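The values are calculated or read from the model by the stated rules, or taken from the named source; none is laboratory data. Quantities reported herein were computed from a predicted structural model and do not represent experimental measurements. Here the Cβ positions follow ideal geometry from the backbone for every residue, glycine too, while neighbour counts run over all protein chains shown. Calculation scope for accessible area: heavy atoms of the full protein, side chains included, ligands and nucleic acids excluded. Shrake-Rupley method; radii C 1.70, N 1.55, O 1.52, S 1.80 Å.
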Amino acid sequence: MAHMTIKTTGLRCGSCDKRVELELEDIEGVTAVKSDHETGLVEVDYDDACDTARFQPAIEGLDPDFKVIG
């Protein structure tokens, strides 16, 4: 099991958080996601089979304002 913290900008509310969480949970190998628009952090737990390169386009594809910055 591995963990990644993704820094984002553009998430403004709990609905934004939920959209990000649901999108990332659909990626094979993701085991848990917690998004927090107040801190701009998305915490992702995943297994070794997960393609982490899919995280950024999944987040940014949800809304033109959503950006991964780190």
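For the chain, the fraction of alpha-carbon pairs lying more than 14 Å apart is 50 percent, rounded to a whole number.
With 0.36 nm allotted per residue and the present C-alpha distance subtracted, the T9-D36 stretch has 8.7 nm of extension available.
Let me know the charge dipole size of the chain about its Cα centre in debye, to the nearest 20, where only the beta-carbon of Lys, Arg (+1) and Asp, Glu (-1) is charged. Can you show the working numbers first?
Numbers: 7 positive and 16 negative charges, 64 e Å.
About 300 debye.
Computed extension length for L22-M1: 5.6 nm, one decimal, from 0.36 nm per residue of separation with the Cα-Cα distance subtracted. Relative to the dominant Cα principal axis of the chain, helix 14-25 is inclined by about 20°.
Solvent-accessible surface of the chain, taken per residue with a 1.4 Å probe and all protein chains present: 57 Å².
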